[in-house]
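Participant: Following this message is one structure expressed as structure tokens.
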Amino acid sequence: MTDQESLKAALTPIAAGRATVRIEAGRASIVLDVTGLGKAAGEELEADVRRVAEAVPGVAEVRVLLTSERRTRRLIAVASGKGGVGKSTVAANLAIALARRGRRVGLVDADIYGPSQTRLLGVDGIRPDAREKTLIPVQTKFGVPLLSMGGLVVEGQAIAWRGSMAGGALGQMVDGDWGDAEVLILDLPPGTGDLQLTMVQKHKPAGAIIVSTPQDLALIDATRAIDLFNKVNVPIVGVIENMAGYACPHCGEVSDPFGSGGAEAAAAKMGLPFLGRVPLELAIRTASDAGDPPAAGNGPQAETFAALAARLDDWLARNGG
């Protein structure tokens, strides 16, 4: 492996798709694209790149040039503090509903270890193409292009990667060839660990949506997710309460197996917008699992997600158009 190849390999986990390198007589020249990163995040990435490059054998001097292109694309993270709250289903339907409002939307399945968006958007088994190492999103019948680890690995195969590898893969998906997409919906993995921190620091979402069920345990973990975004200065677009009420298909009586109104009350307590509720309905689960999310239809379930997308659309309009 040449010195230049060694340097490229060393930088891939932290700056995949952002670094162009050249080595001459032990001098490494690195062009680092910091498009979309805030000042602090750009400086942190530059420091990481410089530190890693200086440790590569054969490199005696490192020069880093920062570049940035004008882009209007904005990233909206859909997150939760814990798994099992239906975050991925909400993200898929929200992306489709937002696209139906006329926004040019892409979807990144950032849940590296548990990807599900290929199933939800009906593109199981379809691998994305690549052009000069840049991933080209898979087109779906809903007008929402998708990049997901689910399209890059064999179904059922464990993704046993360390954090740096997962972060590099996530960076490649965010930096894919999204064409004219103006908004990317990021379906983040649950929790507040290394992958989430890498995402928000290096790719700086314009805002975050928190998904929670009404139950106390989910709300405790959702609060932790909110705290993470607050600490890195990512605005909270609002809170969505999922699995909120179940209407019996036989008698019509509504019950609340996960409680009622907890997410709305928590949002009010923290001074955050409450975007709305998604009921616990079998039709939403079965249609989404079948690759035909209800947001693409015209029934009452579609209206639920249309209302959520309208509130997100309003937020986008108030915060940059």
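The values are calculated or read from the model by the stated rules, or taken from the named source; none is laboratory data. This is a predicted model, so every value here is computed, not measured. When we count neighbours, we look across all protein chains shown, and the Cβ atoms used for this are built from the backbone with ideal geometry, even at glycine. When the accessible area is computed, the model is the full protein with side chains, heavy atoms only, and any ligands, DNA or RNA have been set aside. Shrake-Rupley method; radii C 1.70, N 1.55, O 1.52, S 1.80 Å.
Participant: Does Ala130 meet the test of being closer than 21 Å to Ile284 by Cα and out of contact with any helix residue (DSSP H, G or I) (no Cβ under 8 Å at 6 or more places or on another chain)?
Facilitator: Taking the combined requirement at face value, the residue does not satisfy it.
Participant: Another question about this same structure. With Gly168, Gly179 as the choices, which residue is small (Gly, Ala, Ser) and at positive phi?
Facilitator: Gly179
Participant: Given the residues Ala263, Ala283, which is the only one that is open to solvent by less than 20 Å² (accessible area, probe 1.4 Å), at pLDDT below 85 and not in a loop (DSSP other than H, G, I, E, B)?
Facilitator: Residue meeting the stated conditions: Ala263.
Participant: Name the helices (runs of 4 or more DSSP H) wholly inside the stretch 146-243 in which the number of residues that are of a type in the set (Lys, Arg) and modelled with pLDDT under 90 is 1 or more.
Facilitator: It comes to 194-203, 216-231.
Participant: Of the conditions (1) open to solvent by less than 40 Å² (accessible area, probe 1.4 Å); (2) modelled with pLDDT of 95 or more, Ser288 fails just one. Which one is it?
Facilitator: Looking at each condition in turn, Ser288 falls short on (2).
Participant: Name the strands (runs of 3 or more DSSP E) wholly within the stretch 9-117 that hold at least 1 residues that are acidic (Asp, Glu) and either open to solvent by 10 Å² or more (accessible area, probe 1.4 Å) or assigned by the TED database to the domain that holds Arg285 (or both)? Let's see the steps before the verdict.
Facilitator: Details: elements: 19-24, 27-33, 61-67, 74-79, 105-109.
Of the strands (runs of 3 or more DSSP E) lying wholly inside the stretch 9-117, those with at least 1 residues that are acidic (Asp, Glu) and either open to solvent by 10 Å² or more (accessible area, probe 1.4 Å) or assigned by the TED database to the domain that holds Arg285 (or both) span 19-24, 27-33, 61-67, 105-109.
Participant: Give the stretch 266-280 a look and list any residue that's without any contact (Cβ under 8 Å) to a residue 40 or more places away in the chain, assigned to a helix (DSSP H, G or I) and crowded, with 17+ Cβ neighbours inside 10 Å, or say none.
Facilitator: Ala267, the sole residue that qualifies.
Participant: Among the residues of the stretch 1-60, what is the count of those that are touching a helix residue (DSSP H, G or I) at 6+ places or on another chain (Cβ under 9 Å) and among the basic types (Lys, Arg)?
Facilitator: 2
Participant: When only residues in the stretch 163-187 that are surrounded by fewer than 23 Cβ atoms within 10 Å (Cβ to Cβ) and charged (D, E, K, R) count, which is nearest to Ile136 (Cα to Cα)?
Facilitator: Result: Asp177.
Participant: Related question: For the stretch 132-140, check the following and say yes or no: at least one residue is surrounded by fewer than 18 Cβ atoms within 10 Å (Cβ to Cβ) and in a strand (DSSP E or B).
Facilitator: yes
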